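Participant: What follows is a structure written as structure tokens; I'll ask about it next.
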Amino acid sequence: MDEHGQMSTNEEEIEALMRVYTVIQTARRKPFTTKSEFARFAANEVALCASEGFITTKVSDDTYSNTWMVTHDGLSFIEGVDDVSGD
């Protein structure tokens with residue numbers, strides 16, 4: 001696609017986007033553990049968010065935890081969705 005601008009999104013795509021948004025917001029507001037009920041319930045979305053760098057368990061260069069936390073990229077994603085949705 002060479003053209004930029006609005007893209008057509010169907011209801012399924014919007015629902016998937018909002019599930020990802022929910023995972024990132026949850027990591028931001030109430031970080032959850034890797035084995036929590038929430039992590040199990042949203043396992044696919046958690047995996048996607050981690051793969052895209054929206055959430056992480058990395059605390060520092062050589063330290064990791066068992067808690068998912070939002071990253072700068074995750075915050076940018078939230079901002080982008082909020083801008084588009086008008087929130």
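Participant: In the range 1-48, what residues are modelled with pLDDT under 95, part of a loop (DSSP other than H, G, I, E, B) and surrounded by fewer than 10 Cβ atoms within 10 Å (Cβ to Cβ)?
Facilitator: 1, 2, 3, 4, 5, 6, 7, 8, 10
Participant: Then there's this: Where the second residue is surrounded by fewer than 12 Cβ atoms within 10 Å (Cβ to Cβ) and the first is touching a residue at least 24 places away in the same chain (Cβ under 8 Å) and lies in the range 38-67, which pairs have Cβ atoms under 8 Å and are six or more apart or on separate chains?
Facilitator: 66/35
The values are calculated or read from the model by the stated rules, or taken from the named source; none is laboratory data. Note that this is a predicted model, so its numbers are computed, not measured. Neighbour counts run over all protein chains shown; Cβ positions are idealised from the backbone, glycine included.
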